[in-house]
2 protein chains.
Amino acid sequence: MMGSGGSVSVRSPATVANMVCGFDVLGFAVNDPYDEMHIRFTDEAGIIIINEDEYNLPTEPELNVAGAALLAMLEELNEPIGFELRICKHIKPGSGVGSSAASAAGAVVAANRLLNDRFTKEDLVRFAMNGEKVASGVKHADNIAPCIYGGVTLIRSIFPLDIIELTAPPLYVTIVHPQIEVRTADARGILKQQVLLKDAIRQWGNIGGLVAGLLKSDYELIGRSLEDVLIEPVRSILIPGFDMIKQQSKEAGALGGGISGSGPSIFMLSKDESTAKLVEKEMHHIYEQLGLEHHTYVTTINQTGVKFIK
Amino acid sequence: MMGSGGSVSVRSPATVANMVCGFDVLGFAVNDPYDEMHIRFTDEAGIIIINEDEYNLPTEPELNVAGAALLAMLEELNEPIGFELRICKHIKPGSGVGSSAASAAGAVVAANRLLNDRFTKEDLVRFAMNGEKVASGVKHADNIAPCIYGGVTLIRSIFPLDIIELTAPPLYVTIVHPQIEVRTADARGILKQQVLLKDAIRQWGNIGGLVAGLLKSDYELIGRSLEDVLIEPVRSILIPGFDMIKQQSKEAGALGGGISGSGPSIFMLSKDESTAKLVEKEMHHIYEQLGLEHHTYVTTINQTGVKFIK
């Protein structure tokens, strides 16, 4: 057995997928909120999941996103290894900020440390994508990749996997999570399978602009490129107050923003903290007027991804 | 009248639009081939076009791409100014390397110098797009912008115009122009107006990858991103030997490439000159076997755009 004793604890961050114009290809990690996870070897082969939060997620490994990710890793290892994983989630499932990705990515990063970092980051993304499949039926990496790599990532291709790390200038992120439920499967289901070529062209102008804006630290260009003519007009209908929040956030000085992942959370990027807090205030105000319960976060881009803690 | 005497001469470069995955948004200028143009004020208001080449292009200003671009400029000036423009084209019309853009862009850049650079580069792109409209019926900027700015450009948006200059590492460009005619209007006509969302997603992964590869000077990433699942499969049917040229160019070491603009020219990018020349040899070989007349160029990216000459 591998079993040196010891255990590994990690913080696994929330992530914002799509980044407005980069549906299924762009995403970034944030410093708040995050899940906490603790893993150790067990004497028996197999996986034990212990939930230490209020969410009543399944503990059968194949039904649990972290469990499914660890199972994929064990399958590739092909050794009689056992893990006990304790999960304390702070990222609410279904909030649209990569709750399932945080569980799946945190689990495999932590397990890999127990295994003396035997696998590459790309391997870990592959394993963790099995958790996404449990959560939403689709293997996607736009939350998993930034969760593991940190910063902003581009999934150039998913088969074969090709992850590009993009440097970004300092950015403040304001997130509001209205307490309504938008199932990822529903949010995918309402998308049209065909798009107009002219809309696709506009979208790839914006993606090119956003990637260039990030790499050139050009805040104005980042702001102009945060435009989505394809997905947002359809999905934003599921999110009460979306248009108002976007408009007033921009009036308060935000560079831009939109739906986080498939929603219902909304994110806005700002150049400085005071603007990000002003944006938070606008979000509060709008959802108070609508009588909608909500949580907000003012945070920054997480540059390291899953972090080891004592 | 403005009329200081003197005249201005320019070299206006060929350009490669689309850059495989960036249909209608990406383009770059090359150092060879180029058109030569000479402009001077005349005493009478209006535009005189004199062709000094073999192509028998129209000399009525409103039917000539350079003339149409100058007319747009004069309209905005709203002064009784006259230009005489002598054009010696070396870029064959219809070759797919921005022949019309070179005429239109060269004319307005030269005229602007006579006017003591009264207009910005962005203004000049706007004027020159009127020439593209004469040539193909559509105002597009993916050849005009790199012709005027030099280097690689991204058209993030055309209305309003938003041009992003992208730095690129040294790249060698091999171009082959098979002597067949592909009308831009035909090449546009065969495109589907709707595309599959999943193909669009793959395309924007590649655009993001190409922009990142250029800005990060990552040759491998540039190569992997030179993939087009939408336009190339349709348009390449119009170009004899396309698949063979692409495959054998890559086997000879090219990073990748594809159709230049709407064709029929094909371009390939290489990291060094010896590879670019090897690619040229392969192109020659294939078209000789097919018995197809062709011209080739081995050149580099033109970093300055339209250049003033003595």
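All of the numbers you see were taken from the coordinates with simple rules; none came from a lab. Everything numeric here is computed off the predicted structure, so don't read it as measured data. For neighbour counting, all protein chains shown are included, and Cβ atoms are generated from backbone atoms with ideal geometry for every residue, glycine included.
Counting Cβ atoms of other protein chains within 10 Å of each residue's Cβ and taking the mean over peptide B:223-230 gives 2. Sorted from nearest, the other copies put their residue A:6 label points 7.4 nm away, the label point being 7 Å from Cα in the direction of Cβ. Report note on the peptides B:175-187, B:50-62: ranked by the mean count of other C-beta atoms within 10 Å, highest first, their order is B:175-187, B:50-62. Considering only A:284, A:178, A:217, and ranking their Cα positions along the charge dipole of the stretch A:172-300 that arises from unit charges at the beta-carbon of Lys, Arg, Asp and Glu, the one farthest toward the positive end is A:217.
For chain A, the Cβ-based charge dipole about the Cα centre amounts to some 580 debye (Lys, Arg positive; Asp, Glu negative; other atoms uncharged). When you work out D = kT/(6 pi eta Rh) for the protein assembly as shown at 10 °C and 1.306 mPa s, using the Kirkwood radius from C-alpha pairs as Rh and the Stokes-Einstein form, the result is 61 µm²/s. Per residue of B:210-217, other chain Cβ atoms within 10 Å of the residue Cβ number 6 on average. For chain A, with a Gaussian network of springs between Cα atoms less than 10 Å apart, report the residue from A:136, A:265, A:157 with the top mean-square fluctuation. Between A:136, A:265, A:157, it is A:157 that shows the largest mean-square fluctuation. Checking every one of the GluC sites (Glu not before Pro) in the stretch B:208-310 against DSSP loop status and a limit of 14 other Cβ atoms within 10 Å picks out B:293. So what is the relative contact order for the stretch B:1-142, in percent, with contacts set as C-alpha pairs under 8 Å and at least six apart? RCO, the stretch B:1-142: 29 percent. Taken about its Cα centre, the stretch A:172-300 carries a charge dipole of roughly 400 debye when the Cβ of each Lys and Arg holds +1 and the Cβ of each Asp and Glu holds -1. P(r) tail for the stretch A:35-164: Cα pairs beyond 20 Å make up 37% of the total.
Listed by chain and number, the aspartates and glutamates placed with their C-alpha closer than 19 angstrom to that of residue A:281 are A:32, A:243, A:251, A:272, A:273, A:293; residues fewer than eight positions away on the same chain are left out.
In whole Å, how far is the Cα centre of the stretch A:158-235 from that of the stretch A:22-68? Each part's Cα centre sits 26 Å from the other's. Would you please classify the overall shape of the stretch B:148-262 from the alpha carbon gyration tensor, given that a ≥ b ≥ c denote the square roots of the eigenvalues, rounded means a/c under 1.5, and beyond that prolate means a/b larger than b/c while oblate covers the rest? The shape class here is rounded.
Label point of residue B:274 (7 Å along Cα→beta-carbon): distances to the other copies' equivalent points are 5.9 nm, sorted ascending.
Explain nothing, just the number: relative contact order of chain A, from Cα pairs under 8 Å at least 6 residues apart, as a whole percent. Relative contact order here is 24 percent.
Ranked from shortest, the separations from the 7 Å Cα-to-Cβ label point of residue A:78 to its equivalents in the other copies are 7.9 nm. Cross-link partners of residue A:310 among lysines, defined as those whose alpha carbon lies under 28 angstrom from its own and excluding same-chain residues fewer than eight positions apart: A:89, A:92, A:121. Taking the Cα centre of the protein assembly as shown as reference, the dipole from Cβ charges on Lys and Arg (+1) and Asp and Glu (-1) amounts to some 220 debye. Restricting attention to the stretch B:172-300, close to 100% of DSSP beta bridges with both partner residues there are antiparallel. Helical runs (DSSP H, four residues minimum) scored at -39500 (n - 2.57) apiece and divided by the length of chain B put the mean residue ellipticity at 222 nm at -11500 deg cm²/dmol. For the stretch A:143-159, putting each phi into the Karplus relation 6.51 cos²θ - 1.76 cosθ + 1.60 with θ = phi - 60° gives couplings of 9, 4, 4, x, 5, 8, 8, x, x, 9, 10, 10, 8, 5, 8, 9, 10 Hz, in residue order, rounded to whole numbers and with x for Gly and Pro. Using the Cβ atoms and a cut-off under 14 Å, what net charge is assigned to the surroundings of residue B:202, where Lys and Arg are +1 and Asp and Glu are -1? Charge balance near residue B:202 sits at -4.
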